[in-house]
Amino acid sequence: MLRELIVEYGFPLVFLNVLLESLGLPVPAMPTLILTGAIRSLLGSHADVWTTRLSLFSVVLVATSSALVGDLLWFWLGRRYGNRALGFLCSMSLSRDTCVNRSREAFGKFGVRVLIVAKFIPGLATLAIPVAGAMGVSFASFLFYDAVGAALWGTVGVVLGALFADAVDPILKVLDWFGFGAAIITAISLIIYVGIRWRHRMVLLRR
């Protein structure tokens, strides 16, 4: 069932998941990229090599495009509203107390080039975008480095899934066996994770 869903709705699922993450919501997209890469690689084992590569490249292209949509929105908000946009993002962050300083330090040290690796660093992936807008980075420079970073991030996720497809396959079989229950388990795990991080944040604020 899971394989059929990925085959039929894989591109919309990847687009939506990456978009939500790029908008700052706590819904990590890397597991989806790895899972999609693994499933398409396993299904492509019965086809020719170029067909499989084209399928995997399409996933990377969709992920990159979706990331750019969300990032362009935050870049524009950072350019227009400056620190207020960054403050709003940090108000949604589970690590609000350090996110502003960490983002400004990283951007001050590496400049707009930090966008190439920003998506690999939790907390920095979204926050570096409005910082770039607030600091007056040109649109062309932002678009270039952000596109390179998004493409690199998407490629890593899909390639990891393709390379370790045989290792992921037993996990897929377990998820298929659970069926719809797998989605419920995933949702509960995400809620528990967010709850633990939020409680930790509240404890730090009280201290």
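The values are calculated or read from the model by the stated rules, or taken from the named source; none is laboratory data. All values derive from a computational prediction rather than experimental measurement. Cβ atoms come from the backbone with ideal geometry, glycine included; neighbour counts cover every protein chain shown.
Between a residue in the range 142-157 that is in a helix (DSSP H, G or I) and any residue that is among the polar types (S, T, N, Q), which pairs come within a Cβ distance under 7 Å, given they are 6 or more apart or on different chains?
Pairs that qualify, where the first residue is in a helix (DSSP H, G or I) and the partner is among the polar types (S, T, N, Q), are A147/T64; A150/T64; A151/T64; G154/T64.
Loosely packed, with under 12 Cβ neighbours inside 10 Å and modelled with pLDDT under 70: does that describe V194?
Details: loosely packed, with under 12 Cβ neighbours inside 10 Å: no; modelled with pLDDT under 70: yes.
So V194 fails the test.
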